[in-house]
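Every number in this text was worked out from the coordinates using simple rules, so none of it is lab data. Just so it is clear, the structure is predicted and the values come from calculations on it, not from any experiment. Note that we place each Cβ from the backbone using ideal geometry, even for glycine, and neighbour counts take in every protein chain shown.
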Amino acid sequence: MDRTQGQPEPMERPAAVPATSGTSGAPAPAAPAPVARIVTLTTGDFTLTVNPVDGSEIEPRRPGTGGTAPAKRGAADRIARDAAARPPVLPGPAVPTPPLLARDEERERLVRLLGRGRSVRLTGPAGSGRTALLDAVAAACAGLAPDGVVRLSGYGHQQPGELLHALYAAVYEASVERPDRTQLLTRVRDIGAIVLLDDLEMGGAPLDELLRATPECAYLLATTPDTRAPSDDSHLEEVFLGGLGRAECLELLETGTGRPLTEEETAWAGDLRFASEGLPLRFVQAAALLRQRDERNLAASDDEDDEPGVFEERQRNAAFTPLPTLAEGAAPAELLASRVSESARAALRIACALGGELPHHAHLPALVGDTHADAAVAELLGCGLLTPVGTRYRLAAGVARQLEEAGFGDTEAEEARTAARHYAWWTGHASVTPERVAAEADAVLAALAGADVVAAVLLARTAAPAFAASRHWEAWERVLRSGAEAARKAGEVAEQAYFHHELGVLALCEGRLDRARAELEASIGLRGALADKRGTVAGRRALALVTDREKAGVEVSPPLRLEAPVAAADAVTAVVPAVAATAKTPALPALPAFPALPAAPAASAAPTTPMAPVVPVIGRPTAAPTTLSEVFEDAFPLDPKPTVAAAPAAPSAPPAPRARTLRKPVVLAAAGALAAVVLGTVVGLALTGSDDAETPAGGTGGPAASSTPTPGQGVPNTSGNDPAPDPGTPAPDASEPVAPEAGSSPDPNQPSRTPSRKPQTPATRTPATTNPKPPTSDPDPDPTPPTTTPPATPTPTPTPTPTPTAGPVGSPTAT
């Protein structure tokens, strides 16, 4: 399908063709092509150049340019600005304005509250006359605020950003600047005006943000009851606008018809008031129905007075048009549309295709095909089918639904396509200013939504630069997103790259760096595939600005502070309370007692200190010790690794939780050492007696002479290859690490069978210094200090006993 099918190009409507001179055979010069609108704007720290041909270019703002707040508008400029914010004057006979009835009390209250600086929320259903009341309040509050009265339209705005920019543009003289968010909030804070915001559609947090940003402004917010309510902290006064009374409804109906009502019409008006709850819009439409009825009856009476011709056959007693029914009066759109002109009905079909938006009356002759179609707007407005919204007109509340039910929406696709192609030509014409395009933003967006993909790409491509130059960036973003989607569906890769580039530039101007990077990278990729070097360079320049802003916005991490390590003795006293404060289990009470041991050397306490915080994390049982082995284990935590609670040798039952209490460490250590020595000696003698079958009978001194195992004998004994007693008996388990072949004291380096019996080192050191008999009766607790850190404690005797003892303990087998 040709993308330009049925759509005139800009060159088809030249402004003027220069006259040819000279030779008749010389070809006539071609019409000059329209000059592209290149607009340069300042936004924040950037300078934006809007180029409709190659795409927008963005660069950092030069130092010394911009950044200063512009001057505020004078009184004359404010009057002109207020007139531009109203709907345009329609061609043809002037439409009479309905009077404002029964609203004096509300008007006086609103003027009084606004004069005190209070903000008011005016709530009323659609068709209750909110706009007419705002006009009366604006006239009464003209000289109350230093910056005058500002009229804004909140239709279609769900966030306060665009409303703040509209307020800024209405007060300040800034035609080539769109401030960033920081500058905007700073400048609107100084605005002191009475803001009349009609058709408000937001509430809650967005409304609170709008009110907080302009503390010197007094707002009159006109909205419907179904709009989200403001928050409790907004401090807004509430004024509800209801329907009219019976007398006011009859007066409005008589004013609209221009004559007194008959008794039948009065009764019909009373029923209509009950059905419509007294809404003024319904009686404006009812007055239009009565005027149409009078015109039809008048035409019928004129025909009745004329004498018929010879060959004319006509019914002599023609019936007059009766009053509309109550249902037709409550939903009069279909009946009213059937009695208007053909141009007006064509305009209604266009409005239904555009979602209720009626184009400017200057576009209707081109869209309808009738040179006098611009007068149809006044006709529809007089019938109550249109209502003013900002600077344009829309279908009144409920009219679009009634017309669609009557069949006016059957040609919706065709009408939307026609409107899209017309606006594509119009927005791209060089004689059309960006401000005129911004005034038609809602109609353009509606045509873009209903058009096919080819017409949508063409319209978005021509309308996007105009919205950007007019600083209407919310419409700019919507057009770009719709155009990118339409280009993707149509397969227009070059246009899709353009839309992504513009979206990236827009996001960069608004400070959304992540979105800007994503859009620009997509644009660079598409243009790289098309070998578009110029577009790729422009995209990379914008992407470099994104990178610079990201680097400038990264927070510098605090410098790393390295502190000197604390001493070992201080670590014991400082770390243990911290663990007790953070851990769920109480701190180990035996740790502070280590420095108090009489025989513990200073070197042995240092390695134990850093392991103190790990003890509560292991999850050791907190029940009171029931056996001597547990007492010895609590007093001498040799191994800091969590092998203590890994798997007990033969647990009879899970230990109950116990509370650690302070005990006498020295007594407990002595008792534990004594129990270990006795048990180890008994088991060693028993194992030696069982394996002495090959030993001579008088060899009782053999075990005594070889009580200290040699290094060659200690290794195989630890491996567990020799016969061992039954593991079910608790006594052999306690002395299992002792080597049975050597017949010496128990070996502490075999935790594979009894991992909870770690402190066995005293049993090996005691036979090294004494005879085999003394270990069974020597209660000397000297072996206690070496059990704390066996690898770091030297042997007190010249025998090689510490070699096998320290080796296996530090080996992975011991763990």
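Observations on the structure shown:
- Dipole of segment 103-243 [Lys/Arg +1, Asp/Glu -1 at C-beta], most positive-end residue of Thr214, Ala193, Leu163: Ala193
- Distant alpha-carbon pairs in segment 103-243 (separation over 21 angstrom), percent: 38
- Burial ranking of peptide ranges 240-247, 44-51, 505-512 (average Cβ count within 10 Å, highest at the top): 505-512, 44-51, 240-247
- Net length gained if the chain between Ala686 and Arg246 were fully extended (0.36 nm per residue, minus Cα distance): 146.4 nm
- Reducing segment 428-468 and segment 487-509 to their Cα centroids gives an inter-centroid distance of 15 Å.
- For the peptides 515-528, 380-393, 90-103, residues were scored by their other Cβ atoms within 10 Å and the scores averaged per peptide; the highest-first order is 380-393, 515-528, 90-103.
- With both labels modelled 7 Å from their Cα along Cα-to-Cβ, the Arg61 to Ala544 distance reads 2.1 nm.
- Each of the peptides 273-283, 365-375 was scored by the mean count of other Cβ atoms within 10 Å over its residues; in descending order, highest first, they stand as 273-283, 365-375.
- Segment 334-416 - Debye-derived log10 I(q)/I(0), Cα point model, q = 0.21 Å⁻¹: -0.91
- Approximating the spin labels as points 7 Å out from Cα along Cα→Cβ, the Ala327-to-Asp45 distance works out to 6.7 nm.
- Label-point separation, Thr97 to Arg228 (7 Å along Cα→Cβ), nm: 3.5
- Potential lengthening between Val176 and Arg118 on full extension [0.36 nm per residue; Cα-Cα distance subtracted]: 17.6 nm
- A Stokes-Einstein calculation at 20 °C with viscosity 1.002 mPa s, built on the Kirkwood radius of segment 474-513 over Cα pairs, returns a diffusion coefficient of 211 µm²/s.
- The slack between Glu105 and Ala449, meaning 0.36 nm per residue of separation minus the straight C-alpha distance, is 119.5 nm.
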